[in-house]
Amino acid sequence: MSKDLYDHLPVRQLMVYPSRAFRVTHGVNEGDALTDAADLVPDDSYELAADAAPVHLSLAMAGDGPCTLGEATSVGTPGAPVFIDSLVTYMSPDGETVEALILVEVEGESGTIAEVYLHPLAPLAPRTPYTLVTIDRENGRQRLAEAATVSFTRGTHITMANGRQVPVEDLKPGDRVLTRDSGAQEVRWVGMQTVRAEGAFAPIRIAAGALHNVNDLIVSPNHRLFIYQRISALGVGRRELLVKAGLLVNGTTVTQTPGGFVDYVQVLFDQHEIIYAEGIASESLFADTVTRATLPDAVAERLSALPPKQAALDAFELREKDLLRRGDAVEVLRRISSN
């Protein structure tokens, strides 16, 4: 793969456990570390090691093509091929199910397995038995795309071109929405899905006023908010910032709310836009080669026929390391931001 192509692939930052951290404690493969789907046996029971800590895996994805480890990965070899091997489901002793993706890194030349990684879509408790229930080798990429899709929740108010505030679930194709950079733009597609509010799908609640929002804003964890610094106070060399809602959780003004089910709504334009939700700037769905897997065929075909576009903003995306040294990042961003 050429470096130019590599540099422009969508990259996902995933929290994973290496295979040695998740072992079979009872069953056919007792004592073995996690493997790829070919060697998995249903009803085997696994436990996460007591000292296991998730690590960052940077996954560069090329649509239906092969994935590679990104340059920023904390595990594996950057540039090495990675396969989304399977989507598996485990059951805990209390009957709760946990989905997880199994990723397999291979040696570039030999094709042999270098490492197997587990990416749980809900939290795993250490030293707790999890029984393998299902192994799905067809829908892993689709599930990853769903987790990566940025979404508002039912009831979120969106600012229209005429200034009206409309619940996001009431938007229709052709409606004109106010955008930060492109004026009034027509909605091309509105999607909705109801999912269990657990793990990667548990919504983030930003309390009213925390970031100048008029009402509580509830979004998916990967949904990015746009922040404009009146002064460059974070030391990242840029005034225009994007930050994932999940990185702002502080237990008070920004919280993650797992449990039950949540209605997620996606809003798509011809290009990636910054729109206004509960009065503050946040992104629309960016249909890259990963998230297009969640779109209806007709919508995906329309986007493919348009001239290729990058994300709406050449903004700096804040990472966890940029926020850790700032104490309460929400309060810092509230003070330095202007909408």
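The values are calculated or read from the model by the stated rules, or taken from the named source; none is laboratory data. Please read these numbers as outputs of a predicted model, since none were measured by experiment. Every residue, glycine as well, gets a Cβ built from its backbone with ideal geometry; the counts of neighbours run over all protein chains shown.
Of these, Asp32, Asp85, which one is in contact with a helix residue (DSSP H, G or I) (Cβ under 7 Å, 6 or more places away or on another chain) and of a type in the set (Asp, Glu)?
Asp85
Would you please name the residue that is surrounded by the fewest Cβ atoms within 10 Å (Cβ to Cβ), looking only at residues in segment 93-138 that are farther than 17 Å from Ala33 by Cβ and of a type in the set (Gly, Ala, Ser)?
Gly95
Residues are listed down the side, and each one gets a yes or a no for (1) among the hydrophobic types (A, V, I, L, M, F, W, C); (2) within 18 Å of Arg20 (Cβ to Cβ):
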| site | (1), (2) |
| --- | --- |
| Glu47 | no, yes |
| Thr77 | no, yes |
| Pro93 | no, no |
| Ser110 | no, no |
| Leu132 | yes, yes |
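Which number in (1) outside the structural domain of Tyr17 (by TED's automatic domain parsing); (2) over 23 Å from Phe201 (Cα atoms); (3) not acidic (Asp, Glu) marks the one condition that Thr77 misses?
Going through the list (1) outside the structural domain of Tyr17 (by TED's automatic domain parsing); (2) over 23 Å from Phe201 (Cα atoms); (3) not acidic (Asp, Glu), Thr77 breaks only (1).
From the residues in segment 279-290 that are among the polar types (S, T, N, Q) and outside any strand (DSSP E or B), which one is surrounded by the fewest Cβ atoms within 10 Å (Cβ to Cβ)?
Thr289
Being touching a His at 6+ places or on another chain (Cβ under 8 Å), under 23 Å from Thr149 (Cβ atoms), in contact (Cβ under 8 Å) with a residue 60 or more places away in the chain and not acidic (Asp, Glu) narrows it down to one residue among Ser220, Ser282; which is it?
Criteria check complete, one pass: Ser282.
What are the residues in segment 127-170 that are assigned to a helix (DSSP H, G or I) and closer than 20 Å to Gln266 by Cβ, if any?
Arg141, Gln142, Arg143, Leu144, Ala145, Glu146, Ala147, Ala148, Val168, Glu169, Asp170
Among the candidates Leu118, Leu124, single out the residue that is part of a loop (DSSP other than H, G, I, E, B) and outside the structural domain of Ala202 (by TED's automatic domain parsing).
When all the criteria are applied, what remains is Leu124.
Return a yes/no flag: does segment 222-245 have any residue that is farther than 29 Å from Arg176 by Cβ and modelled with pLDDT of 90 or more.
Checked segment 222-245: no residue is farther than 29 Å from Arg176 by Cβ and modelled with pLDDT of 90 or more.
Checking Thr253 against (1) surrounded by 20 or more Cβ atoms within 10 Å (Cβ to Cβ); (2) at pLDDT 95 or above, which single condition isn't satisfied?
Here Thr253 clears every test but (1).
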